[in-house]
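Worksheet for the structure shown next.
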Amino acid sequence: MKSVKSGRDGRTRIIEGALRRFSQDGVSATTLASLREESGVSVGSFYHHFASKEHVFGVLYAETLADYQREFLAELVSHQDARAGVESVVAFHMRWAGEHPERARLLISERPPRKHEPGGAEVAESRRAFYRQVSDWWRPHMKNGLLQPFQAAMCYVLWLGPSQEMCRLWFAGAHTPTDEEIKGLSEAAWQSLRQHDE
């Protein structure tokens, strides 16, 4: 029983240390040695859990994305009103980024793992399931003439693109968003995504 616990703790320490290093230095500038040092694990312990730095990144990215998507969907489906759903998700996105800045930096700044890379298959499947569930919420509002047809890429850009840019400024220390600005981002997302009368 003790070995199971210590194994779990070792993996957790590596993931948490990697999050700190990747957030501060970026994945490409982070070395395997600095990852082990940050995590406080031995070479043997590291390789017991992960095959490489890229393996750690893939697992961390996939887990972070899944956590974000789960909370996103919980926020979205709690609203039956189309405008409330669209606007509340923008506010959620900014709140989540503020509460989890290291994880938000990872999702915003790093390229997702590709299908053939560690974590890539999990990320691809997670995204398919996520977009399917968002589309399920979206479809009735589209049929009722409230929201534009759901096209995943355009929907993402119009819905959260401006918020992502605001987060980049925030994380760079260039600007801290105000409640009024977040409200403005929410309203702009609604105006971009709603159906307009001809």
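Quick look at the numbers
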{"item": "Residue satisfying all of: in the range 92-126; under 11 Å from A66 (Cα atoms) and touching a residue at least 60 places away in the same chain (Cβ under 8 Å); surrounded by the most Cβ atoms within 10 Å (Cβ to Cβ) among these", "result": "V123"}
{"item": "Single match in R8, R70, R20 (criterion: closer than 30 Å to Y131 by Cα, among the charged types (D, E, K, R) and either in contact with a helix residue (DSSP H, G or I) (Cβ under 8 Å, 6 or more places away or on another chain) or modelled with pLDDT under 90 (or both))", "result": "R20"}
{"item": "Flag if V41 is out of contact with any His (no Cβ under 7 Å at 6 or more places or on another chain), in a helix (DSSP H, G or I) and crowded, with 19+ Cβ neighbours inside 10 Å", "result": "no"}
{"item": "Subset tally (residues that are farther than 24 Å from T12 by Cβ, acidic (D, E) and not in a helix (DSSP H, G or I)) for the range 61-110", "result": "1"}
{"item": "Residue among A97, A74, A62 that alone is of a type in the set (A, V, I, L, M) and more than 22 Å from A189 (Cβ to Cβ)", "result": "A62"}
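The values are calculated or read from the model by the stated rules, or taken from the named source; none is laboratory data. Just so we're clear, the structure is a prediction, and the values are computed from it rather than from any experiment. With ideal geometry, Cβ positions are generated from the backbone for all residues, glycine too; neighbour counts draw on all protein chains shown.
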